Amino acid sequence: MLTWHVHGNYLYYLSQARHEFFLVTLPGHPPGHAGRTGSLPWGANVHEVPAAEVSAGEFDCVLYQSRRHWDEDRLRWLSPAQRSLPAIYLEHDPPQQHPTATRHPAADSDARIVHVTHFNALMWDNGQARTHVIEHGVLVPPEARYTGERDAGIVVVNHLRERGRRLGCDVYESVRGRVPLTLVGMGSTALGGCGEKPNLELPAFMSGFRFFFNPIRYTSLGLSVLEAMTVGLPVVALATTEMATVIRNGENGYADTNVERLVEVMHELIADPALARRWGEAARACASTRFSIGRFAADWERLIVDAAREG
């Protein structure tokens, strides 16, 4: 499988599938062509291939993960024969232009489109393309388990200030004035946060907080939410996008479009650690079934085999 390093944690989880993955790289490993970089423990089935050498390689299929790689790299680095290989376009996000009237870039091709949530698949105009949904699967260190001793919530969003209202920067700033919150992620120090945490250290860091707060209005279902649930944190979130199908109010967390109600729930969790623990245990049970790494890897293994057989 020829592919690219777009989202590190997702790629690491994808590499749990029993296939060989070859990552297109450029000198200096810039974003989008990073290869086996970062703090993740890449397995022996993850390889790098310099972009200039891609056309000489032999692959069974190609997994695109961004518009840039589909529009540019496909034409620049792949040979004509490689461009005719079975192709999968993994779409990580809902439409960023018009939410319901945006045509997917692979809609008029022979590629299969894979969405990571049913909400995303619903919102994109996929045309006549064969469309699949493979929900996330996550893997956290086994020692990362909920303790919840801190009377505060944790928020995990990268570059929240720059990404603005869509990612809920205004919601976060409004709520943090009334509820103790710690922001984690790239660029978070600009908003008084504690910066980025290494991938494998984040679950243990989250474990001490009473709850996880997701202020995001419109994006895909975040891996950090599911990692927090796997650790055992209850989730408080805006009831938007796929989140509305994951959080069951009063059971594994609380989701609402009324921010004032969410603030009330956060105060309830801070005042009642036993309630937070009960919700967190239910969150962990949900994540361990619906978002298990075993189910995720098996779904991808089947799809890759089916796609490769087309060639």
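State the percentage of accessible surface on segment 10-139 attributable to carbon and sulfur atoms; use a 1.4 Å probe and exclude ligands, DNA and RNA. Kindly include the intermediate steps, with their values, before the conclusion.
Numbers: 3010 of 5980 Å².
The value for segment 10-139 is 50 percent carbon and sulfur by accessible area.
Just the number please: accessible area per residue for the chain, 1.4 Å probe, all protein chains included, in Å².
42
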*Indicate the gyration tensor shape class of segment 225-287 (rounded, prolate or oblate), computed on the Cα atoms with a ≥ b ≥ c the square roots of the eigenvalues: a/c under 1.5 is rounded; otherwise a/b larger than b/c is prolate and the rest oblate.*
oblate
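Mean separation of Cα pairs under 8 Å and 6+ residues apart, divided by the residue count of the chain: what relative contact order is that in percent? Walk me through the numbers on the way to the answer.
On the way: 632 pairs, mean separation 50.6, N = 311.
That works out to 16 percent.
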*Which cross-chain or sequence-distant (5 or more) residues have an amide H under 5 Å from the amide H of R130, H modelled 1.01 Å from N in plane?*
I113
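Express the carbon and sulfur contribution to the solvent-accessible surface of segment 150-291 as a percent, rounded to the nearest whole number, probe 1.4 angstrom.
Numbers: 2680 of 5390 Å².
Taking all protein chains in place, segment 150-291 shows 50 percent carbon and sulfur surface.
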*Selected from V184, A285, F213, residue furthest toward positive end of dipole (segment 150-291; charges at beta carbon)*: V184
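The values are calculated or read from the model by the stated rules, or taken from the named source; none is laboratory data. If you're wondering where the values come from, they're calculated on a predicted model, not measured in any experiment. Glycine gets a Cβ as well: all are built from the backbone with ideal geometry, and neighbour counts include every protein chain shown. What goes into the accessible areas is simple: the full protein's heavy atoms, side chains included, and nothing from ligands, DNA or RNA. Shrake-Rupley method; radii C 1.70, N 1.55, O 1.52, S 1.80 Å.
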